[in-house]
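These notes concern the structure reproduced below.
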Amino acid sequence: MLVLVSLISLLCLQDTVFKETAIDEVVVSSTIGSGKKAVSKGRVASIDEHLGKLSKVEMVRRGNYAWEPIVNSMATERVCTTIDGMKIFYACTDKMDPVTSYVESCNLQRISLNSGLDGNPQATGNIGGSIDLKLRRVGFDAKSSEYNASAGFESNGNVQVYGADAAFSSHRFYTNFGVFYRHADNYKAGGNETVNFSQFQKTNAFANIGWQPADNHIVEAMAIYDIATDIGYPALAMDVKRAEGIITSLSYRREHIQGLFHRWETKAYYNHITHDMDDTKRPDVIIHMDMPGRSSTVGLYSLLQGSKGSHYFQLNLDGYYNTLFADMTMYPVGGPPMYMLTWPDVGTFNTGLALTDDITLNSHHRLRLSAKGAWQHQQINSDEGYQALSIYFPGMDKGNSRFISRLAVSYAYEHSGWAIAVGTGYGTRAPTVTESFGYFLNNTFDQYDYIGNPYLKNEKAIEANASIGYEKGLVRVKAETNAFFFQDYIIGRPDSRLSPMTIGAAGVKVYQNLKHAQIVNASLMADFRLASWLLFENRVAYSYGRENTGARLPLIAPLSYLGSLRFSWKYLEAEGGVKMASRNSHCGTEYGETPTAGYAVWHLNIGGQLRLGQVIANLHLGIENLFDRYYATYSDWNHIPQKGRNIYVNTSFQF
């Protein structure tokens with residue numbers, strides 16, 4: 001019945017080319033049909049919307065801005081997110097500024113996802129997976145000059161998006177640079193209900209420069225400045241006055257080297273993140289608080305790529321030093337201010353060596369091996385923060401050292417339209433700064449204050465994955481599953497001996513190691529090409545998570561379905577689709593999660609491309625939540641409702 005409803009009801013979008021890849025990617029491009037899983041909003045789409053196109057990714061929403069990616073049902077602690085291989089760490093104790101919030105579509109070439117323990121060479125602690133945002137560089141010997149302009153508008157929330165960038169290229173030099181601006185007012189949920197404190201505005205400016213002093217010797221530099229202000233977070237008790245990121249890098253690359261290794265890249269980078277939380281615009285604030293956070297990272301990696309016979313391999317050495325600092329000042333009426341360190345100026349030094357080897361056994365059989373080992377040292381640099389945490393952990397050391405590792409192996413077989421893959425891996429991760437040294441951090445999800453535990457063990461996980469697919473003629477079908485079996489799983493558990501500091505908090509949780517936990521994900525994809533211009537896509541997914549006491553883990557997706565009918569003809573494209581989810585009744589009630597109702601949300605869009613001499617123009621028009629459904633997904637923090645009916649239009653011009 002579900003398939004029949006989808007077939008009858010949908011309009012549709014662009015032609016999609018079937019191609020099996022080891023890495024799931026969203027390719028960002030302004031040209032129709034050129035990118036896999038392209039978002040209909042094109043260049044004005046947010047990074048969050050692009051991430052939502054990846055098959056194993058869900059998004060945690062705390063507001064209308066800066067959503068947190070979840071990969072394989074695991075959040076930031078178990079996912080490594082990098083920008084062009086650079087390590088960046090958020091500066092907000094409430095994870096209101098994920099790494100992905102500091103890049104814009106106009107400066108993004110593609111998003112690469114490695115699922116599970118088989119991470120990219122720069123990834124560390126990536127039990128759930130790793131995301132790398134690849135920046136767009138015009139490169140050498142491209143068009144001598146190119147100019148782009150884009151604009152977008154959304155009716156729900158008065159969203160306005162404007163961007164412009166330029167690129168220049170020659171054999172010895174290239175540069176591309178631009179600026180992007182977004183503004184949004186409060187949006188409305190289904191039924192015309194205003195969601196207060198959901199506004200934001202941000203500006204992102206970037207520049208990339210490349211110089212080739214001699215053939216195959218390349219020097220590149222990059223800089224991003226991103227600032228967002230007046231950011232509302234309706235699912236939380238506080239908003240954000242300012243979120244600012246400065247991201248820079250300088251690299252040297254040698255191409256076409258003779259011998260065992262044919263490519264060498266070394267990159268040094270620095271980034272600084274500033275995040276200031278604010279509650280001055282909230283009504284009925286009992287105690288006003290200031291909660292600033294700072295994150296600074298300096299790092300280096302050196303990557304060698306080579307081949308010999310049937311082997312293609314990569315060797316990567318990387319290291320970084322990060323400092324995290326966050327504090328809180330409370331201003332009670334009629335009393336003196338109260339001050340507390342929540343991240344006690346923690347410094348983290350990490351260095352590791354990674355190796356991957358892709359082995360082509362023959363035309364049908366492939367083997368992939370990947371491994372990484374890293375040494376990490378963390379140190380509390382604040383005496384005041386150390387003394388405060390020592391009250392709860394007498395005799396604790398100011399620092400600790402750990403060894404982190406991962407090992408993965410996978411096998412793939414392809415023949416006569418069949419594609420079969422199996423893999424396994426083992427990995428560990430060190431506790432985050434919050435899990436080790438956090439001090440009375442309030443979690444509005446379960447209304448508990450959280451305290452870190454410096455005595456935590458490394459979390460360990462075994463992964464098993466398998467997939468089987470068949471593609472022939474007009475049909476493509478694929479089923480895949482993965483399972484993660486944890487030891488010493490890290491999560492907060494209530495400690496009745498402690499009293500909360502946040503007014504109204506349910507109690508205090510201290511991070512602990514659980515003996516066991518498991519997460520299982522499964523999906524089925526079936527695509528049918530009904531005609532050369534018509535494609536019917538279907539995807540069903542389900543996840544399961546439980547810990548050793550039998551309690552369900554939080555933020556585990558219920559049964560869901562995605563369906564779309566896509567039409568493409570020459571430079572015209574259209575799509576109609578539905579997103580459905582069952583009631584999330586098997587939720588993590590032990591961890592403050594409550595059920596969410598099932599829903600079905602429909603969308604329509606149409607777009608086209610027009611050439612006017614040397615100008616390429618793209619125009620898209622669409623409707624999201626066609627029937628104005630009031631709903632919230634399982635990953636919407638505190639059941640903050642999604643947008644109601646939203647009409648959008650966007651256009652871009654390439655000169």
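Derived from the Cα gyration tensor, the three semi-axes of the equivalent ellipsoid of the range 526-655 are 37, 17, 13 Å, largest first.
Relative contact order for the range 161-265: 20 percent, from Cα pairs under 8 Å spaced at least 6 residues apart, divided by residue count. Placing Met580, Met96 in order of accessible area, with the largest value first and a 1.4 Å probe, yields Met580, Met96. Counting only aspartates and glutamates at least 8 places from Lys515 when in the same chain, those with an alpha carbon closer than 19 Å to its own are Glu77, Glu435, Glu459, Glu463, Asp488, Asp495, Glu547, Glu590. Straight-line cross-link partners of Lys281 among the lysines, defined as a Cα under 24 Å from its Cα and at least 8 positions apart when in the same chain: Lys95, Lys188, Lys202, Lys241, Lys643.
Taking every alpha-carbon pair within the range 357-436, the share separated by more than 23 Å comes to 51 percent. Excluding ligands, DNA and RNA, the accessible surface per residue across the chain is 41 Å² with a 1.4 Å probe. For the range 115-164, the fraction of C-alpha pairs more than 11 angstrom apart is 79%.
Here the mean projected area of the convex hull built on the C-alpha positions of the range 441-511 is 7.9 nm². Look at the dipole of the chain built from charges on Cβ: of Ser150, Asn322, Phe440, the Cα furthest out on the positive end belongs to Ser150. Simple point charges give the picture: +1 on the Cβ of Lys and Arg, -1 on the Cβ of Asp and Glu, and for the chain a dipole about the Cα centre of about 1420 debye. A protection proxy built from the mean count of other Cβ atoms within 10 Å ranks the segments 271-281, 229-239, 549-559, most packed first, as 229-239, 271-281, 549-559. Each Cα pair under 8 Å and six or more residues apart adds its sequence gap; the mean of these over the residue count of the chain is a relative contact order of 13 percent. The order of Lys579, Lys202 by accessible area, most exposed first and with a 1.4 Å probe, is Lys579, Lys202. Give me the distance between the Cα centres of the range 222-263 and the range 272-321, rounded to whole Å. Taking the Cα centre of each part, the range 222-263 and the range 272-321 sit 8 Å apart.
The value of relative contact order for the range 357-459, using C-alpha pairs under 8 Å at least six residues apart, is 23 percent. From the square roots a ≥ b ≥ c of the eigenvalues of the alpha-carbon gyration tensor of the range 150-309, which class results: rounded (a/c under 1.5), prolate (a/b over b/c), or oblate? Verdict is prolate for the range 150-309. Here the Debye sum runs over all C-alpha atoms of the chain as equal scatterers in vacuum, and log10 of I(q)/I(0) at q = 0.05, 0.09, 0.12 Å⁻¹ comes out as -0.22, -0.77, -1.50. Taking the DSSP bridge list for the chain and keeping only pairs wholly inside it, about 95 percent are antiparallel. The 1.4 Å probe gives accessible areas that order Arg429, Arg253, largest first, as Arg253, Arg429. When the solvent-accessible area of the chain is split by element, carbon and sulfur atoms take up 61 percent of it, the probe being 1.4 Å. Taking all protein chains as shown and a probe of 1.4 angstrom, Phe627 keeps an accessible surface of around 140 Å².
The values are calculated or read from the model by the stated rules, or taken from the named source; none is laboratory data. Since this is a predicted model, take the numbers as computed values, not measurements. Quick reminder, even Gly has a Cβ in these numbers, built from the backbone with ideal geometry, and neighbours come from all protein chains shown. We work out accessible area using only protein heavy atoms, side chains counted, and drop any ligands, DNA or RNA first. Shrake-Rupley method; radii C 1.70, N 1.55, O 1.52, S 1.80 Å.
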